[in-house]
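> Here it is: the structure, laid out below.
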Amino acid sequence: MNKNSKSFELLFRGLAILLAVLFASLVLLLAKANPLEAFRYLIVGAFGTTGKILDVLVSWVPLALATAGLLFTFTAGLWNIGVEGQITLGAVFTTAALRLLMNSGLPPGLIIFLAILAGALGGALWASLVGVLKIYGGVNEIFGGLGLNFVSVAITIWLIFGPWKRPGTGSMSGTEPFPRELHLPVLGNSNLSVWSLVLAVLGIVLVYILLRNTYFGLRLRAVGKNSRAAFLLGVPTNRYAMLAFFLCGIFAGLAGAVQVTAVYYRLIPSISSGYGFLGLLVAMLVNFNAIWAALVAFFFAALNIGSIQLPLMMRLDSTLSGVIQGSLVLFVLLMDGVRRRITGKR
Amino acid sequence: MNVELRHIHKHFGKVHANNDITLKIPSGSIQGILGENGAGKSTLMKILSGFIQADSGEIELDGKIVTITTPADAIRYGIGMLHQDPLDFPPLKVIDNFILGQPGGLFPRRRQAVKEFMDLCGHYGFKLNPEAYLETLTVGERQQLEIIRLLWLGAKVLILDEPTTGISALQKEKLFETLKVLAKENKTIIFVSHKLEDVEGLCDRVAVFQRGKLVGEVKPPYKTEELVQLMFGKAVSPGCREYTGLNDIAVKLENLSLEDARLQIKHVNLEIRRGEVIGLAGMEGSGQRLFLRALAGLQRPNTGRIVVDGVDMSGKNYHAFMKHGITYVPAARLEEGLIPGLSLMEHVVLSEEKPGFFIDTGSATAETNRKIDEYYIRGTAASRVEALSGGNQQRALLALLRSPLNLVLLEHPTRGLDIESAIWIWSKLKDRCRQCTSIVFISSDLEEILQYSDYILVFFGGKVSKPLEAATTSVARLGELIGGKGWEEHS
Amino acid sequence: MNETILIGLAGVIAAATPVVFASIGETITERAGVINLSANGTILLTAMAGFAVAVNTGSLLLGFLTGALIGALVAAIVAFSSITLKQSQVAVGFVLALMCRDLAYFLGDPYNSVSGPFLTPTPIPLLKDIPVLGTLLFKQDILVYLSYLLIIGAALYMFKTRPGLILRGIGERPAAAFVRGANVNRLRYLYTILGGAMVGLAGPMYSLSYKAGWKGTISGLDGIGWIALAITIFGGWSPIKAAFGSYFFVFLQWLGLVLQSSLTNIPSQVLQVAPFPLMILALLLVNIGNAEWVERALAAMPDRLRHLISGLLRSLRSSPPASLGVPFENE
Amino acid sequence: GPAAAGGKEVVFGMLLVGPYNDRGWSQAHYDAGLYVQEKLPGTKMVYLDKVNGADRPGTTPDKLAEDLLAQGATVIVFNSDDMKDAAVAFAQKHPDIPVIHASGDNSWKDGKDFKDLKNLYNVMGKMEYGKMIAGCAAALTTKTGQIGYLGPLINDETRRLASSAYLGARYCWTNYLGKNPADLKFKVTWIGFWFNIPGVTSDPTQVADDFINSGADVVISGIDTTEALVQANKAAASGKKVFAIPYDYKTACDAAPDVCLGVPYFNWGPSYVKLIKSAQEGKFAAGFEWLAPDWADINNPDTSAVGFVKGKALSADAAATLDKFIGELASGLNLWKGPLNYQDGSVFLKDGETATDFQVWYLPLLLEGMEGQSVPAN
Ligand SMILES: Nc1ncnc2c1ncn2[C@@H]1O[C@H](COP(=O)(O)OP(=O)(O)OP(=O)(O)O)[C@@H](O)[C@H]1O
Ligand SMILES: Nc1ncnc2c1ncn2[C@@H]1O[C@H](COP(=O)(O)OP(=O)(O)OP(=O)(O)O)[C@@H](O)[C@H]1O
Ligand SMILES: [Mg+2]
Ligand SMILES: [Mg+2]
């Protein structure tokens, strides 16, 4: 087999997946569990019924949105670890807008629409803060983002237990749920909101188009690969880096808005559900390709949903899904390195 | 120490960088290594000093065959190398740089080291402050530090890889004196260069490399044509001078003052006429780069005005300057000029100002292919720029220049290129001048400056000379000014 | 000084000790030019594993060794993938940060809320009776004393010894260290693994000492690793400043609860998250001098003002090891 | 067993907010489930633990309850106040499924949040008594007169529990020890959540230490995790005489018996048996129960909803006095009786007035004499 061929690359991807499965099996054996049984429950738990598949999609929507946004920052060479906070602020802004407008007499559809817009704005503003710190203050986006993640959680908890607390109580269950007419309508008897699905699909398509063959996408890539040179070639690099943050923030904010309007119907303490970090993992796997991102995000969401069966059927903790997701990315990175070493490509 | 290299081979991918090199260097002599860019000189020296390993071949020191696999081995055998770009630690102090790498106990004996450092400085007439931070030193001083450090470590073989690129004529004189003293002290000196006059003035023997092969060894008296013939396999003529300037003023500097962390440039007035070429000479770090960057809007002046085509551009940024037809071409091609990972075609698309949302791949490829033909770039529209050779990268950079242009600012436009490529590049640049584009460029190669400039500005510690007419200036005169002599008549 | 406050501050020192270990470990790793982003996962995994081993063997020492070993192992993965395989350190470290966390929760499930051994304070005779300092420093457990040695030792090693000089050298300019005889990649492996072991020790320092026990997701340790990373930066890659940063961080937390009843109109979250805006502010101060717009703005100022401000900014500046995150290749 | 007769096979599903093995709130429910299986032949428990937004991202308890239905469950137990909305939503969506919600108030006709649902039953133990007993044990033990209360986040429930502990402490301090109530220092410090989140909440370890360092020698825990006990144990190991009172789980003292004065705990088993049995028999009906201990024997596993296990560290004297206190409570002593002021000095209960369940359940402020924040800062 030709060492530089596409199939050689695929072989190593396959090897990485195999290793990840072996690793997960090893972990399962360590926990004194039967790996085959566990994998079976993971699969059945995710795809066993139509309802399950729809549940996977419920989880896919915010993950896909966050991942799609992260493709902008990844393309621009930025490690937007602050995406968790951006999702959170999206949710906070959505909640604020809903609270503000719920008694305004506006039609509910319009209120939801405005609230989702507010969510996008919230995410974008929070992301811009990371961007401004990075671009105009020299604060590495990893550390700026990390710090702002903590701040965003504190803001959420403060709001939930302080100004937005439910009458009397104040609890982890979050703010007062919004009335039914302010929920995004769901599909039949399922938990899936078609509107949020449409939003995610549109988002993926938009990112695909933007990054594929446009001036915008090319400039963003140029900024990501060599910002100095891109600047000298005439690309307004700061503006593009800011734009990457801003766009990522919009998508992250939308993910947060979906969490509020289609999943929890309120603000809860861990509203981001870890989709930001998970999205970073997905984005690492897919090499800037939005379509792949959608597929991998679907697989990761399936693991999340499938893993609910583990405690139920095998008394195992559901965090196995995180172990599988992480080991998959880890081995893909490692095998990629091994392949490059073998082919002598740097 | 007698050094003998036998049948050394080294490949980098498909490049045969050293092809069966056999060379004998006796103790107490200065051996010159001459060759055009990319001939394989540095590669051989890196092999001898353990930085990289040969694919095959033998090294013999004083008659014994040795294996050198790391720099640590080389140091143990008494081989020290001064690398082409100084490999030292700018954020550390001079004395820390001196000590770092010296073997010994857990705690370095600093006071002892300082004393020995001062002794060595005294011996060779260097003036270095052990407590200064390295980043405040000039390139020449850093070379001096490296030399005494290597001697302190007990180097018996001293390799100097192109030590004269970044230093002034004065410093060069001093360096040569030192090297001659060292040779008298029975050290073996290996002096690598592609500058004929350096080799001619210093070396007891010269080995000439061409395309990875050792093509000849020459002893004094040297005949320049013979060396050139060996280096390039043919005689090279640089072409003749031609003044392309017009009377029309493209860019005007009024009372320009600039400053960065290290130096100040004050009150410069200059008029750049259309089609004119201005060369900036000076030791590296004397202010040329600062000045060039200011001309591009990359560095904001403290006071004064930059007027382009009658428009005051003071305080504007680079992209505003670009809109007025000014472009900056950096020296570090892959770090600042081109974008590794993107193809030539994508570079062409990036460099052009085209409205629209989607890229028209077809026409962009056609445009790129046109440029590839025009600039003789060895590569295709889909080639990634990092896969091009250095010379082709430079051609690509020129191909990316927009037209029309008022002013092109170039940093070391031919650094790292062989003479043929350099001549070709300049012919292209001169074509630009004929299209009324002015050029301001930096070079550490005085010949290049004299050959291609119409006027020359010399920089020394932030001082800027009046424009000197190239046609009536000599290398010697420039060398003096660069070294800080003869400035009275300029102030 | 008021005895209560002193004891409180002594508690701050104890609480900060694991963070001191983690941030100094990370400092050492980063000084060698490698970013190990996995700390958050490492600490959780080693807290769990150290606890599990101590419960099963009854040996605290084995628990701590397990922590160090696993920390070293995780770091070795980062080292292997970044040094040998030339993959992105940030990517690999980040993945490990997430994966090790979930691994800890998954494998640690049987140990949830099991009671196990823990370390108790051992006041140092004589020293403990020194006024003020005795209470503050010398009525602690043995790990805290170790942390004093670590702070001083790491600072001495880094800034006064020959290998320390080389350590700084390989982070600044690996090629230059290489030509001086240093085996750059081997040293990078060594320091990454060593630093990882220290980060790894932080885990059992919680589960076997400061926050004795393992409680799965409610152990209250998720986030510590990120904080330690932040403190490494805040400390400008100096062990002493990293230790100071750790103490400062825990001090603010302590202040938050001490002041809770007197400052009732300030939400308690404010002081808890205060370290993060402060970290960002610190990063801003040390970096803003490099920002292009600042340079441009300065250039337009009158000379005196410009020199004043740029001098100030320069004195604040602290730059990371120049080759941080950059792989070294000699061919 | 007798219950098996006539009953059909019933699978009941339990949603636990924390780990099933947390030796705390969630395990108390889990153990109650085991108890049901044992007492009611023909019943089987299926459960899902860590049902909270952080551990099970992207889903809600009502959706997870569907997973239990898929396992054949025909009765669902929601075990946390945080699942309030989910319990209601689920009950609305599945009107034929009996839903038991521990600690909610939606089926309380007189409550603030009544939802008229036929299939939702709220059950809660009157932990107020457990906390009063805990407070009493603390007051009887403290030498410094300082008691620390490690509070989670501030809400109605946590306020009333902290206040109950205070009431118990103050009563025993004045009535049995004959001391001046003004000399009893009772301080509440809230960490901001049910457990520690670094960088977000206060660190309960630090809070416990701070109590101990500033002179409190008994720390009463109101949070999900055991920091109070652990830190008291450490302090004791270095020679200090300090004690702690954990929370929620019957055997919680085992973690550090030498410093444990006892633990107030929930015993959900009996009420679950009753409710699930009624479901089994098809007689399930909505209702609200706020169950007092079985005063005949508060530690009777088959009858008492709330109990208090005395710890090894409680002195014999104190234990005897504590029994006396429990006896008084059993015979009708009501500490929620005026004159009682709120922390800000305003009147809560006039002289002789006793509080209604409503007033206690929705306690808006801490009581006079307690130190600490009453409401979250805005
Ligand atoms: N690390 C490397 N990887 C790949 N190719 C290399 C490497 N180092 C050198 N080469 C190639 O080997 C050849 C010889 O390079 P070398 O640096 O020895 O030339 P040189 O004679 O020193 O040239 P110069 O005068 O420019 O310094 C060139 O083609 C160069 O591109
Ligand atoms: N990173 C790379 N990937 C693929 N090929 C490369 C890479 N670097 C260099 N090459 C190839 O290696 C060959 C040697 O490159 P090098 O820069 O040494 O050329 P050169 O002989 O010095 O030419 P020039 O005089 O134009 O600089 C070229 O053909 C180039 O395309
Ligand atoms: Mg060379
Ligand atoms: Mg070349």
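> May I have the pair-distance distribution P(r) for chain A, computed from all Cα-Cα distances with 10 Å bins from 0 and rounded to whole percent?
6, 23, 31, 26, 11, 3, 0
> Quick one: the Cα spread of the stretch B:345-401 along its three principal axes, in angstroms, biggest first?
Rounded to whole Å, the extents work out to 33, 20, 18 Å.
> With an 8 Å cut-off on Cα pairs and a minimum separation of 6 or more residues, tell me the relative contact order of chain D in percent.
On the way: 856 pairs, mean separation 65.9, N = 378.
With pairs under 8 Å counted, the relative contact order is 17 percent.
> While we're looking at this one, here's another question. Through the Karplus equation 6.51 cos²θ - 1.76 cosθ + 1.60, θ set to phi - 60°, convert the phi angles of the stretch B:144-157 into ³J(HN,Hα) values in whole Hz; use x for Gly and Pro.
With coefficients 6.51, -1.76 and 1.60, one gets 4, 4, 4, 4, 5, 5, 5, 5, 4, 6, x, 5, 9, 10 Hz.
> Sorted by average packing, counted as other Cβ atoms within 10 angstrom per residue and highest first, what order do B:419-428, C:213-222 take? Walk me through the numbers on the way to the answer.
Working: B:419-428: 17.9, C:213-222: 25.0.
Ranked from most to least packed, the peptides come out as C:213-222, B:419-428.
> Have a look at A:ALA290, A:ALA301, A:ALA222 and tell me which one the Gaussian network model of chain A (Cα, springs below 10 Å) gives the largest fluctuation.
Most flexible of the set in this elastic network: A:ALA222.
> What number in nm² do you get for the stretch C:137-199 if you take the convex hull of its Cα atoms and divide its surface by four?
Numbers: hull surface 19.4 nm².
Average of the hull's projected areas for the stretch C:137-199 equals 4.8 nm².
> For the protein assembly as shown, build the charge dipole from Cβ charges (+1 Lys, Arg; -1 Asp, Glu) around the Cα centre, then report which of A:THR75, C:THR161, D:VAL242 sits farthest towards its positive end.
C:THR161
> Give me a single rounded figure for B:258-264: the average over its residues of other chain Cβ atoms within 10 Å of their Cβ.
On the way: counts 1, 6, 3, 4, 0, 0, 1.
What the average comes to for B:258-264 is 2.
> Sequence gap at least 6, Cα distance under 8 Å: using those rules, report the relative contact order of the stretch A:237-336 to the nearest whole percent.
Working: 42 pairs, mean separation 17.8, N = 100.
Over the stretch A:237-336, the number comes to 18 percent.
> Net charge near C:LEU103: determine it from the other residues with C-beta under 14 Å of the C-beta of C:LEU103, scoring Lys and Arg +1 and Asp and Glu -1. If you can, show how the numbers build up before the last one.
Working: positive: C:ARG101; negative: A:ASP317, C:ASP102, C:ASP109, C:ASP222.
So the surrounding residues net to -3.
> While we're here: Calculate the radius of gyration of the Cα atoms of the stretch B:3-232 to one decimal place, then report Dmax, the largest Cα-Cα distance, as a whole number, both in Å.
17.5, 55
> Taking every residue in D:42-55, how many Cβ atoms of other protein chains lie within 10 Å of its Cβ, on average? Intermediate results must be reported in sequence, preceding the final value.
Details: counts 0, 0, 0, 0, 2, 3, 5, 8, 8, 2, 7, 12, 10, 9.
Partner Cβ neighbours, averaged per residue: 5.
> Further question: Which order do the peptides C:91-101, C:296-306, B:457-467, D:229-239 come out in when sorted by mean C-beta neighbours inside 10 angstrom, highest first?
On the way: C:91-101: 26.2, C:296-306: 13.5, B:457-467: 20.5, D:229-239: 22.5.
By packing density, highest mean first, the sequence is C:91-101, D:229-239, B:457-467, C:296-306.
> Binned at 5 Å from 0, what are the whole-percent values of the Cα-Cα distance distribution for the stretch C:79-163, short to long?
3, 11, 10, 9, 10, 16, 16, 12, 9, 4, 1
> Give the long-range amide H neighbours of C:ALA32: residues separated by 5 or more places, or on another chain, with amide H under 5 Å away, using H modelled in the peptide plane at 1.01 Å from N.
So C:ALA32 has HN proximity to no qualifying residue.
> About the Cα centre of the protein assembly as shown, what is the dipole size in debye to 20, counting +1 per Lys and Arg Cβ and -1 per Asp and Glu Cβ, all else neutral? Let's see the in-between values first.
Working: 136 positive and 128 negative charges, 389 e Å.
Value, rounded to 20: 1860 debye.
> I'd like the antiparallel share, as a percent to the nearest 5, of DSSP beta bridges with both residues in the protein assembly as shown. Please list the in-between numbers first.
On the way: 53 of 129 bridges.
Bridges in the protein assembly as shown that DSSP calls antiparallel: roughly 40 percent.
> Can you check what the net charge comes to around A:GLY138, using other residues whose Cβ is under 11 Å from the Cβ of A:GLY138 (Lys, Arg +1; Asp, Glu -1)? Show your work: numbers first, answer last.
Working: positive: A:LYS134, C:ARG317; negative: A:GLU141, C:GLU292.
Around A:GLY138, the surrounding residues sum to 0.
> OK, next. Given H placed 1.01 Å from N in the peptide plane, which residues other than close sequence neighbours of B:ALA281 have an amide H under 5 Å from its amide H?
B:LEU457, B:VAL458, B:PHE459
> If each Cα of the stretch C:27-115 is one equal point scatterer, what is log10 of I(q)/I(0) from the Debye formula at q = 0.21, 0.25 Å⁻¹?
Debye output, listed in q order: -0.93, -1.15.
> Calculate the mean, over all residues of peptide D:29-37, of how many other protein chain Cβ atoms lie within 10 angstrom of the residue's Cβ. Let's see the in-between values first.
On the way: counts 0, 0, 0, 0, 0, 0, 0, 0, 0.
What the average comes to for D:29-37 is 0.
> Any idea what the dipole of chain A comes to, in debye rounded to 20, about its Cα centre with Lys/Arg Cβ at +1 and Asp/Glu Cβ at -1? Please list the in-between numbers first.
Details: 24 positive and 9 negative charges, 208 e Å.
For chain A, the charge dipole is close to 1000 debye.
> Separate question: Classify the stretch B:15-62 from the C-alpha gyration tensor, please: rounded if a/c falls under 1.5, else prolate or oblate depending on whether a/b exceeds b/c. Walk me through the numbers on the way to the answer.
Details: a/c = 1.88, a/b = 1.23, b/c = 1.52.
Since a/c reaches 1.5 but b/c is at least a/b, the shape of the stretch B:15-62 is classed as oblate.
> Give me the percent of DSSP beta bridges within chain B that run antiparallel, rounded to the nearest 5. Walk me through the numbers on the way to the answer.
Numbers: 41 of 78 bridges.
That works out to approximately 55 percent antiparallel.
> Still on this structure, I have one more. GluC sites (Glu not before Pro), restricted to the stretch D:294-369: which are DSSP loop and have at most 10 other Cβ atoms within 10 Å?
Working: sites: D:GLU328, D:GLU353, D:GLU368; in loops: D:GLU353, D:GLU368.
Passing both the DSSP loop test and the Cβ count: no residue.
> May I pose another question? Ordered by residue, what ³J(HN,Hα) values in Hz, to whole numbers, does the stretch A:198-209 give under the Karplus form 6.51 cos²θ - 1.76 cosθ + 1.60, where θ = phi - 60° and Gly and Pro are x?
4, 4, 5, 5, 4, x, 4, 4, 4, 5, 4, 5
> Still on this structure: Please list 3J(HN,Hα) in residue order for the stretch B:73-78, calculated via the Karplus relation 6.51 cos²θ - 1.76 cosθ + 1.60 where θ = phi - 60°; whole Hz, with x for glycine and proline.
Ordered by residue, 3J(HN,Hα) equals 4, 4, 4, 4, 7, x Hz.
> Using unit Cβ charges (K, R positive; D, E negative) and no other charged atoms, how large, in debye to the nearest 20, is the dipole of the stretch C:3-247 about its Cα centre?
About 780 debye.
> Run through every distinct alpha carbon pair of the protein assembly as shown and return the Kirkwood hydrodynamic radius in angstroms, one decimal place.
On the way: mean 1/r = 0.0275 Å⁻¹.
Result for the protein assembly as shown stands at 36.3 Å.
> Using only DSSP helix segments of four residues or longer, with each worth -39500 (n - 2.57), what per-residue ellipticity at 222 nm results for chain D after dividing by its residue count and rounding to 500?
Details: 10 runs with 123 residues, N = 378.
Helix-only estimate at 222 nm: -10000 deg cm²/dmol.
> Please state, rounded to one decimal and in Å, the Kirkwood hydrodynamic radius that the stretch A:46-127 gives when every pair of distinct Cα atoms enters the mean of 1/r. Before the final figure, lay out each step's value.
Working: mean 1/r = 0.0700 Å⁻¹.
14.3 Å is the Kirkwood radius here.
> Determine Rg/Rh for the stretch A:177-301; Rg is computed over alpha-carbon atoms and Rh is the Kirkwood hydrodynamic estimate from the same atoms.
Values: Rg = 17.1 Å, Rh = 16.4 Å.
Taking Rh as the inverse mean 1/r over Cα pairs, Rg/Rh reads 1.05.
> If one computes the Cα centroid of the stretch A:297-334 and of the stretch D:269-294, what distance in Å separates the two points?
Spelled out, the Cα-based centre of one part sits 38 Å from the other.
> While we're on this one: Please give me, ordered by residue number, the chymotrypsin sites (Phe, Trp or Tyr not before Pro) of the stretch D:106-176 that lie in loop per DSSP and have at most 15 other Cβ atoms within 10 Å. Display every interim value, and only then the final one.
Working: sites: D:TRP108, D:PHE114, D:TYR121, D:TYR129, D:TYR149, D:TYR166, D:TYR171, D:TRP173, D:TYR176; in loops: D:TRP108, D:PHE114, D:TYR176.
Sites meeting the loop and neighbour criteria: D:PHE114.
> For D:MET370, C:MET158, what's the fewest-to-most ordering of other Cβ within 10 Å of each Cβ?
Numbers: D:MET370 25, C:MET158 21.
Ascending number of Cβ neighbours within 10 Å: C:MET158, D:MET370.
> In which sequence would B:ARG432, D:ARG23 go, from the one with the fewest C-beta neighbours within 10 Å to the one with the most? Don't jump to the answer; show the numbers that get you there.
On the way: B:ARG432 20, D:ARG23 26.
Fewest-to-most Cβ neighbours within 10 Å comes out as B:ARG432, D:ARG23.
> In whole Å, what are the extents of chain B along the principal axes defined by its C-alpha atoms, from largest to smallest?
Its Cα atoms span 68, 51, 48 Å along the three principal axes.
> Cα atoms only, chain D: Rg and Dmax in Å?
Rg, Dmax (Cα atoms, Å): 20.5, 61.
> Out of all DSSP beta bridges with both ends in the stretch B:3-232, state the antiparallel percent to the nearest 5.
On the way: 22 of 41 bridges.
Restricted to the stretch B:3-232, the bridges split so that about 55 percent are antiparallel.
> To continue, here is another question. In whole Å, how far is the Cα centre of the stretch B:428-452 from that of the stretch C:121-174?
Answer, in whole Å: 60.
> Would you tally the net charge around B:ARG395, using a Cβ to Cβ cut-off of less than 10 Å, leaving B:ARG395 out, and scoring K and R as +1, D and E as -1?
Working: positive: B:LYS371, B:ARG378, B:LYS428; negative: B:GLU374.
Spelling it out: positives minus negatives among the neighbours equals +2.
> Still on this structure, please answer the following. Grab every C-alpha pair in the stretch C:3-247, bin the distances at 10 angstrom width from 0 up to the longest one, and report whole percents.
9, 32, 34, 19, 6, 0
> Among C:LEU133, A:LEU133, which comes first, second and so on when ranked by fewest other beta-carbon atoms within 10 Å? Write down the numbers at each step before the final one.
Numbers: C:LEU133 12, A:LEU133 26.
Fewest-to-most Cβ neighbours within 10 Å comes out as C:LEU133, A:LEU133.
> Using modelled backbone amide H atoms (1.01 Å from N, in-plane), which distant-in-sequence or interchain residues come within less than 5 Å of B:SER314's amide H?
Distant-sequence amide H within range of B:SER314: B:ILE306.
Read the figures in this text as sums done on the coordinates, not as results from a lab. None of these values were measured; they are calculated from a predicted model. Here Cβ is always computed from backbone atoms with ideal geometry, including for glycine, and neighbour counts include all displayed protein chains.
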